[in-house]
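> The structure that follows is given in the form of structure tokens.
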Amino acid sequence: MTHLEPRRTALPVLVAVAAVLVSACGPVLGGAEAEEELSSGFAVPSVSSVEAAADPRAFEGVIDIDLPDPVIDPVTTDAAPRLPVTVTDSRGERVTVSDTDRVLALDIHGTLAQTVFELGLGDQVVGRDVSSSFPGIEDRPLVTRDGHDLNAEAILALEPTVVLTDTSLGPFNVVLQLEDAGIPVVVVDSERNLENLAPLTMEVATALGVPGAGRELGARIEQETADVTEAIAEVVPDDVTGQLRTVFLYVRGQAGVYYMFGEGSGADSLITAAGGYDVAEEIGWAGMKPVNDEGLVAAQPDVVLMMTKGLESVGGVDGLLERFPALAATEAGRHERIVAMDDAQVLSFGPRTPEVLNALAVALYAPDAL
């Protein structure tokens, strides 16, 4: 069995089950543990530089991916927000932003904070969520507690002039409390997929008065993603029967949460872009719903994609196979073929999308390169 563990150490895409999944995360990091998360992961070679395995189905073991801290490369070094600006956020609320001197950008992935930095406004960010740990933000005060709960007192103490967030963090009453305190809160789209990389970037940029930088950053992310998917296509078998049948399991063993993500969840487009064969459409698995043995038998996966803490929460691969005996009878179970990725990274769908896709493709088709 192969384990890659150079790490020290969760992700709803559909709002309908966001509250269930976030609450299921349980305590993740706080205090000293939060500081531990600031450590970097490990580098993954470019998919264009590796040799595909002769038989990727034959690889055995768990691959655990924790990407290094992202390298922030702002599209501009002299961002000049044009304010005030009034936007209609994802709730349909009209929000006027008059001041971007003290920004908080908070979500379960750290995507929003990185986007603000990439737009050239990193110096205005005054705090961070637990998933935002890249260089430049690591010394900002933490405003989430018990993992991914918004701390109203910590946020108010920073006197932000604008807060950007989505519905992946809770409780939502904190958002209402901030608005009652007179702080503009822009709630951006919580859905994450490959189709809204640029639109999500523009939501952030428009709210901060830098739409030009937003267009440039969105175009860059889309181009980098296209370049990576083109490189991935070179190592993925053309014949669909040669592609690895892949499912995405979201589990939180301590909370009894076991979901399989299907069509429209964001995980389906992630799997396809990384070169896997997403079986969701084939078996009619739509959205996110509790997984069962029948679904796993129908899926017959060659590999299971998971979040790292999810796999840890069930006691690793042995615990997962014990919980789902039907999985043990599949190729994925027989080979214990699981690709686990850092919870905040795998479905982040933002500036990190190209490197996430690259890492997953290498793990699927050139695992020996890791």
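> Hand me the list of helices (runs of 4 or more DSSP H) wholly inside the stretch 145-260 holding 1 or more residues that are under 22 Å from ASP278 (Cβ atoms).
Once the helices (runs of 4 or more DSSP H) in the stretch 145-260 are filtered for at least 1 residues that are under 22 Å from ASP278 (Cβ atoms), what remains is 197-207, 211-233.
> Follow-up question, since we're still on this one. The conditions are (1) surrounded by 22 or more Cβ atoms within 10 Å (Cβ to Cβ); (2) under 14 Å from TYR365 (Cβ atoms); (3) β-branched (Val, Ile, Thr), and VAL235 fails exactly one of them. Which is it?
(1)
> Pairs needed: first member in the stretch 262-276, over 12 Å from THR229 (Cα atoms); second member anywhere, in a strand (DSSP E or B) and among the small types (Gly, Ala, Ser); C-beta distance under 6 Å; at least 6 residues apart or different chains.
Between residues of the stretch 262-276 that are over 12 Å from THR229 (Cα atoms) and residues that are in a strand (DSSP E or B) and among the small types (Gly, Ala, Ser), the close pairs are GLY262/ALA286; GLU263/ALA286.
> Identify, from the list VAL62, VAL17, VAL22, the residue that is surrounded by 15 or more Cβ atoms within 10 Å (Cβ to Cβ), among the hydrophobic types (A, V, I, L, M, F, W, C), modelled with pLDDT of 90 or more and not in a loop (DSSP other than H, G, I, E, B).
VAL62
> Moving on. Can you pull out the residues in the stretch 134-153 that are buried (at least 24 other Cβ atoms within 10 Å of the Cβ) and either modelled with pLDDT under 90 or not assigned by TED's automatic domain parsing to the domain that holds MET202 (or both)?
Passing the criteria: only HIS148.
> Just to be sure, is ASP66 outside the structural domain of GLU355 (by TED's automatic domain parsing) and of a type in the set (Asp, Glu)?
On the way: outside the structural domain of GLU355 (by TED's automatic domain parsing): no; of a type in the set (Asp, Glu): yes.
No.
> Find the strands (runs of 3 or more DSSP E) located wholly in the stretch 264-370 whose residues include 2 or more that are surrounded by fewer than 20 Cβ atoms within 10 Å (Cβ to Cβ) and outside the structural domain of LEU194 (by TED's automatic domain parsing), and list them. Break it down into steps so the answer makes sense when it comes.
On the way: elements: 288-290, 303-307, 338-341.
Result: 288-290.
> Scan LEU197, LEU112, LEU156, LEU178 and give me the residue that is over 15 Å from the mean Cα position of the chain (by Cα) and either surrounded by fewer than 20 Cβ atoms within 10 Å (Cβ to Cβ) or closer than 22 Å to GLU224 by Cα (or both).
Exactly one of LEU197, LEU112, LEU156, LEU178 is over 15 Å from the mean Cα position of the chain (by Cα) and either surrounded by fewer than 20 Cβ atoms within 10 Å (Cβ to Cβ) or closer than 22 Å to GLU224 by Cα (or both), namely LEU156.
> Right, something else. If I ask for residues that are closer than 21 Å to ALA299 by Cα and among the β-branched types (Val, Ile, Thr), which ones from the stretch 224-272 would you list?
Scanning the stretch 224-272 gives VAL236, VAL240, THR241, THR246, VAL247, VAL251, VAL257, ILE271, THR272.
The values are calculated or read from the model by the stated rules, or taken from the named source; none is laboratory data. Keep in mind that this is a model prediction, so the values were computed, not measured. When we count neighbours, we look across all protein chains shown, and the Cβ atoms used for this are built from the backbone with ideal geometry, even at glycine.
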